[in-house]
Amino acid sequence: MRSQLIQFSELRRGAAREAGRIKRRALVAGGAGFLGSHLCQRLVADGYDVVCMDNLDTGRLENLSALVGNASFQFVQHDVVHALPPLGRFDEIYNLACPASPPHYQRDPIHTMKTSVLGALNLLDKAVDSGARIFQASTSEVYGDPSVHPQPESYLGNVNTIGPRACYDEGKRSAETLFFDYSRSYGVDIRVGRIFNTYGPRMQPDDGRVVSNFIVQALRGEDITIYGDGSQTRSFCYVDDLIEFFIRLMRSNLVGPVNIGNPVEFTVRELAEIVIELTGSSSKLIFQPLPADDPKQRRPDISLARRELDWTPAVDLRAGLGRTIEYFDGLMRSPDNYSIPASASLAS
Ligand SMILES: NC(=O)c1ccc[n+]([C@@H]2O[C@H](COP(=O)([O-])OP(=O)(O)OC[C@H]3O[C@@H](n4cnc5c(N)ncnc54)[C@H](O)[C@@H]3O)[C@@H](O)[C@H]2O)c1
């Protein structure tokens, strides 16, 4: 009887939504971070009621300043490692909660692993209760240091299970496993995107990622630190392109995992040279040893996203870097707004 009543009220909610009377509700875990804050803004702009859940470990409330006071937006401070507070039902859940850059996720590796595994479990349980579609922000790091280039989704990876990056790589691999087991066991409607390097405004200047490192060093006129000889390659996707992919994936029938990134490959040295040119900096390049397990090459095979989602990156590296440099320049001109440590480390 109870399940019939639930089904009936579901049908009424569905019909009301169709008629535009009830707004769709989305939960964005990790919504105060770089990607999550852009996603919250996009969902509110698309007419959703959004609950952003974040423990503010690497996220910042300033990232959400455009949404403060918006009746369609709510912020809840909570660590996804713990059972979720009662927040009502959701139509869509996005799991972005996890520190994403090596210095951040290596700071407390055990908590990083717990975030990926227990966070996924708690959010998947919420998806079961809500009947929600749920998205997992997975990563190219599930491929480890790949021996296949570019990496298709079918490549099973080459991950060191005991290295300093393993808390993140293996945590994300376990989360994917949980997503697919919840799908098989409970019929949860999952979507999994494997994100390759993404950059743009609201990256943290001290996050040790290669784009932010280079921009901060160039804007300060400091030498640019390249780890290794700079011949290792990366591909860089602008944040707006990535958010467009999230939305298309969630509105499609494609489950994934789906690679997402910009397949145009640059060497790390080329990136440094473009940043110097765009900032007009007098910085020189200096070279330091490569950190452990740093992948030599990283490029997504995005044929699945192109074919099934008609998605293709629209913002080229110079245009995206220009917008990102403008953002960092603004931050650095108002130092009260953000304290940037004297030296950032560990490019990736
Ligand atoms: N940016 C990229 O290039 C990239 C690449 C691959 C995957 N991803 C994934 O995308 C997601 C977002 O990445 P980002 O670049 O925005 O990183 P970010 O560090 O800016 O954002 C992560 C957010 O999650 C929050 N968080 C961390 N642990 C949490 C916990 N236990 N409970 C609640 N909130 C928690 C942080 O405070 C932060 O707001 C991450 O899951 C990351 O693994 C990002």
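SER303 - would you say it is modelled with pLDDT of 95 or more and either of a type outside the set (Asp, Glu) or crowded, with 16+ Cβ neighbours inside 10 Å (or both)? Even if it seems obvious, please write down each step before you answer.
Working: modelled with pLDDT of 95 or more: yes; either of a type outside the set (Asp, Glu) or crowded, with 16+ Cβ neighbours inside 10 Å (or both): yes.
The answer is yes for SER303.
When you check PHE287 against the structure, is it touching a helix residue (DSSP H, G or I) at 6+ places or on another chain (Cβ under 8 Å) and of a type in the set (Phe, Trp, Tyr), yes or no? First the steps, then the outcome.
Working: touching a helix residue (DSSP H, G or I) at 6+ places or on another chain (Cβ under 8 Å): no; of a type in the set (Phe, Trp, Tyr): yes.
Taking the combined requirement at face value, the residue does not satisfy it.
If MET53 satisfies all but one of (1) of a type outside the set (S, T, N, Q); (2) over 29 Å from ARG209 (Cα atoms); (3) within 7 Å of the ligand (Cβ to nearest atom), what's the number of the condition it fails?
(2)
Yes/no matrix, rows are residues, columns are (1) in contact with a Gly (Cβ under 9 Å, 6 or more places away or on another chain); (2) open to solvent by less than 20 Å² (accessible area, probe 1.4 Å); (3) within 15 Å of the ligand (Cβ to nearest atom):
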position	(1), (2), (3)
TYR48	no, yes, no
THR58	yes, no, yes
LEU64	yes, yes, yes
ALA71	no, no, no
PHE75	yes, no, yes
VAL80	yes, yes, yes
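When the residues of the range 30-46 are filtered to those that are among the aliphatic types (A, V, I, L, M) and over 19 Å from SER101 (Cα atoms), which remaining residue is nearest to the ligand (Cβ to nearest atom)? Talk me through it step by step, then tell me what you get.
Residues of the range 30-46 among the aliphatic types (A, V, I, L, M): 32, 35, 39, 43-45.
Filter once more, keeping what is over 19 Å from SER101 (Cα atoms): 43-45.
Values: LEU43: 15, VAL44: 17, ALA45: 18 Å.
Looking at the filtered set, the residue picked out is LEU43.
Among the residues of the range 194-207, count how many are open to solvent by less than 10 Å² (accessible area, probe 1.4 Å), part of a loop (DSSP other than H, G, I, E, B) and within 11 Å of the ligand (Cβ to nearest atom).
In the first step, residues of the range 194-207 are kept if they are open to solvent by less than 10 Å² (accessible area, probe 1.4 Å); the result is 196, 199-200, 203, 205, 207.
Adding the requirement that they be part of a loop (DSSP other than H, G, I, E, B) leaves 196, 200, 203, 205, 207.
Next, only the ones that are within 11 Å of the ligand (Cβ to nearest atom) stay: 196, 200, 203, 207.
Looking only at that region, the number is 4.
Scan the range 219-235 and tell me whether some residue there is modelled with pLDDT of 95 or more and within 10 Å of the ligand (Cβ to nearest atom).
No, the range 219-235 contains no residue that is modelled with pLDDT of 95 or more and within 10 Å of the ligand (Cβ to nearest atom).
Quick check on SER212: is it polar (S, T, N, Q) and away from the ligand (no atom under 16 Å from the Cβ)?
The answer is no for SER212.
If we scan the range 240-249, do we find a residue that is closer than 14 Å to TRP311 by Cα, in contact with a Phe, Trp or Tyr (Cβ under 6 Å, 6 or more places away or on another chain) and at pLDDT 95 or above? Don't jump to the end; show me each part of the working.
Of all residues in the range 240-249, those closer than 14 Å to TRP311 by Cα come to 240-249.
Narrowing further to those that are in contact with a Phe, Trp or Tyr (Cβ under 6 Å, 6 or more places away or on another chain): 245, 248.
Add one more test, that the residue is at pLDDT 95 or above, and what stays is 245, 248.
Yes, there is a match, as at least one residue in the range 240-249 is closer than 14 Å to TRP311 by Cα, in contact with a Phe, Trp or Tyr (Cβ under 6 Å, 6 or more places away or on another chain) and at pLDDT 95 or above.
Which of the residues that make up the range 151-177 are touching a residue at least 24 places away in the same chain (Cβ under 8 Å), within 16 Å of the ligand (Cβ to nearest atom) and farther than 19 Å from PRO99 by Cα?
Within the range 151-177, GLN151, GLU153 meet the criteria.
Among (1) assigned to a helix (DSSP H, G or I); (2) open to solvent by 50 Å² or more (accessible area, probe 1.4 Å); (3) over 28 Å from LEU156 (Cα atoms), which single condition is LEU321 missing?
If we test LEU321 against (1) assigned to a helix (DSSP H, G or I); (2) open to solvent by 50 Å² or more (accessible area, probe 1.4 Å); (3) over 28 Å from LEU156 (Cα atoms), just (2) comes out false.
Could you please find all residues in the range 82-110 being open to solvent by less than 40 Å² (accessible area, probe 1.4 Å) and either of a type in the set (S, T, N, Q) or more than 14 Å from the ligand (Cβ to nearest atom) (or both)?
PHE90, ASP91, GLU92, ASN95, SER101, listed by residue number.
The values are calculated or read from the model by the stated rules, or taken from the named source; none is laboratory data. Small disclaimer: the values here were computed from a predicted structure and weren't measured. A quick note on method: Cβ atoms are made from the backbone with ideal geometry, for glycine too, and the neighbour counts reach across all protein chains shown. Heavy atoms of the whole protein, side chains included, go into the accessibility calculation; ligands, DNA and RNA do not. Shrake-Rupley method; radii C 1.70, N 1.55, O 1.52, S 1.80 Å.
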